[in-house]
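S.K.: One structure is given below, represented as structure tokens, and several questions about it will come after.
The values are calculated or read from the model by the stated rules, or taken from the named source; none is laboratory data. These numbers come from a predicted model, not from an experiment. Here Cβ is always computed from backbone atoms with ideal geometry, including for glycine, and neighbour counts include all displayed protein chains. Note: accessible area is taken over every heavy atom of the protein model, side chains too, but ligands, DNA and RNA are not part of it. Shrake-Rupley method; radii C 1.70, N 1.55, O 1.52, S 1.80 Å.
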Amino acid sequence: MRVPSFVRYRNLLSGTGIFLAGMIVGAAVFLSIYQEHLSILHERVGELSNQNKTLQDSLEGLNKYKQNQQYVGRIKVVAEFAPKEADKADANVLNELKRLVYEDIKLTSGKPVSAVREAPDIFSNLVDKKVYRNVYGKNYQIAVRYLMVIQTELTLYISCSEFAPPPT
């Protein structure tokens, strides 16, 4: 039995090779676009989850103290990375840190507004210089920039930076 000559099929084989290479490149481009959209979606889900939890807790606090305007009924955490680390900013990490800080500061809900105004250091020291460990594989330290009370809303402005333990 004779082996057929591939001279006849040279154009067909080169066309098939180019077609297969195009399929592989197209699949890679499609997967990179899909991964980018999935990352954006994951980030948005984290933001909405934090916002939902915050609003549910705020609603609970507002319903509890709606007749009395002398107590903290709502807590808001505004976070950003330190200016020197703004290039490494990750929205998922920031959302997780906001959630963790909110959980720590949540115990101030229901406290008298006058107590917060008289001694804001006590309330800001709850999270100031606190290190949150293993947030997406890294440790972060929180610095409280401002603590404001407007009517029944406690607003906490924080700055996040990556924590490097001192050498021993």
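Rundown of residues vs (1) among the charged types (D, E, K, R); (2) touching a helix residue (DSSP H, G or I) at 6+ places or on another chain (Cβ under 6 Å), yes/no style:
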site: GLU85; (1), (2): yes, no
site: TYR102; (1), (2): no, no
site: LYS106; (1), (2): yes, no
site: GLU118; (1), (2): yes, no
site: ARG133; (1), (2): yes, no
site: TYR136; (1), (2): no, yes
site: SER161; (1), (2): no, yes
site: PRO166; (1), (2): no, no
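S.K.: So, in segment 126-155, how many residues would count as being out of contact with any Cys (no Cβ under 7 Å at 6 or more places or on another chain), crowded, with 17+ Cβ neighbours inside 10 Å, touching a residue at least 24 places away in the same chain (Cβ under 8 Å) and in a strand (DSSP E or B)?
M.R.: The qualifying residues number 5.
S.K.: Run down ASP104, ASP121 and say which single residue is modelled with pLDDT of 85 or more, in a helix (DSSP H, G or I), open to solvent by 70 Å² or more (accessible area, probe 1.4 Å) and over 21 Å from GLU43 (Cα atoms).
M.R.: Every option except ASP121 fails the conditions.
S.K.: Does LYS98 count as closer than 29 Å to ALA164 by Cβ, modelled with pLDDT of 85 or more and in a loop (DSSP other than H, G, I, E, B)?
M.R.: no
S.K.: Another question, if that's okay. Applying the selection to segment 1-36, what residues are of a type in the set (Lys, Arg) and in a helix (DSSP H, G or I)? Give the derivation first.
M.R.: First pass over segment 1-36, keeping only residues of a type in the set (Lys, Arg): 2, 8, 10.
Across segment 1-36, the qualifying residue is only ARG10.
S.K.: Determine whether LYS88 is under 22 Å from the mean Cα position of the chain (by Cα) and either farther than 13 Å from SER109 by Cβ or not charged (D, E, K, R) (or both).
M.R.: In short, yes.
Residues checked against (1) of a type in the set (A, V, I, L, M, F, W, C); (2) at pLDDT 95 or above:
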{"position": "ARG2", "(1), (2)": "no, no"}
{"position": "PHE6", "(1), (2)": "yes, no"}
{"position": "TYR9", "(1), (2)": "no, no"}
{"position": "LEU13", "(1), (2)": "yes, no"}
{"position": "GLY17", "(1), (2)": "no, no"}
{"position": "ALA21", "(1), (2)": "yes, yes"}
{"position": "VAL25", "(1), (2)": "yes, yes"}
{"position": "ARG44", "(1), (2)": "no, no"}
{"position": "ASN50", "(1), (2)": "no, no"}
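S.K.: Only one of (1) surrounded by 14 or more Cβ atoms within 10 Å (Cβ to Cβ); (2) farther than 24 Å from ASN63 by Cβ; (3) among the hydrophobic types (A, V, I, L, M, F, W, C); (4) under 17 Å from the mean Cα position of the chain (by Cα) is not met by VAL77, so which one is it?
M.R.: (2)
S.K.: Still on this structure, I have one more. Just give me the residues in segment 50-64 being in contact (Cβ under 8 Å) with a residue 40 or more places away in the chain and either open to solvent by 50 Å² or more (accessible area, probe 1.4 Å) or charged (D, E, K, R) (or both), in sequence order.
M.R.: Answer for segment 50-64, where residues must be in contact (Cβ under 8 Å) with a residue 40 or more places away in the chain and either open to solvent by 50 Å² or more (accessible area, probe 1.4 Å) or charged (D, E, K, R) (or both): LYS53, ASP57, LEU62, LYS64.
S.K.: Next question, about the same structure. Tell me, which residue of segment 74-95 that is in contact with a strand residue (DSSP E or B) (Cβ under 7 Å, 6 or more places away or on another chain) and small (Gly, Ala, Ser) is modelled with the lowest pLDDT?
M.R.: Among them, the one singled out is ALA89.
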